[in-house]
Amino acid sequence: MNYEPSTEQKLQDSDYSTYTLEFSPVLNSNGSVRFIDHSQGKERTVGINVVDQVFENRVQVEFPAIIADIIDLAVAIHASDRLTPQNLNERERHLHVILPVRHPESLSAEPFQSFEATSPCRS
C-alpha cells in the first residue's frame, strides 16, 4: 500500500512535511518499517523489534491478541515519532502509519477513530 500526496495536496501542504511509515508485523526479531519522506522523495527501511519476554515475567506467559495489538500500536507511535525529523520552523508534520494488527475490528471502534494526534507548535 503506497501513499502519494496529490499535486494539489503538495501545494497546500507547504508548511508541513508528510511521511509514511509502513510497519511489517512487530516481532521479536526481523521486523521492519518502510519509511517514506514525501517532501524529500526519499525512502528507507529500518529494522524494528520488540523483545516481549520481559513482559512475560511481569504479568502472564502469553498476552491476549488485543493486548498485543495495543503494545504494537504503542511501539508504532513511539517509533514513528522517533524516525520522523522534527523541524521547529514547520508548523506540523503529517504521519501516515500503516500497521498490521490481529483485531482490526477492535481498533476500528469509536474511541480509536476519534483520536487525532497533533503535536503542539513551539515557538
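The values are calculated or read from the model by the stated rules, or taken from the named source; none is laboratory data. Predicted model only: the values in this text are computed from it and were never measured. Glycine also receives a Cβ, built like all others from the backbone with ideal geometry; neighbour counts cover every protein chain displayed.
Listed values, structure above:
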quantity: Tally of residues being surrounded by fewer than 11 Cβ atoms within 10 Å (Cβ to Cβ) and either under 17 Å from the mean Cα position of the chain (by Cα) or modelled with pLDDT of 80 or more (or both) across the stretch 46-77; calculated: 1
quantity: Pairs where the first residue, in the stretch 79-96, is at negative phi and the second is crowded, with 16+ Cβ neighbours inside 10 Å and assigned to a helix (DSSP H, G or I), C-beta under 7 Å, 6+ apart; calculated: Leu95/Ser80
quantity: Complete set of residues in the stretch 83-104 that are over 17 Å from His38 (Cα atoms) and modelled with pLDDT of 90 or more; calculated: Leu99, Pro100, Val101, Arg102, His103, Pro104
quantity: Single residue of the stretch 1-30 satisfying the filter (surrounded by 12 or more Cβ atoms within 10 Å (Cβ to Cβ) and of a type in the set (A, V, I, L, M, F, W, C)) that is modelled with the lowest pLDDT; calculated: Leu27
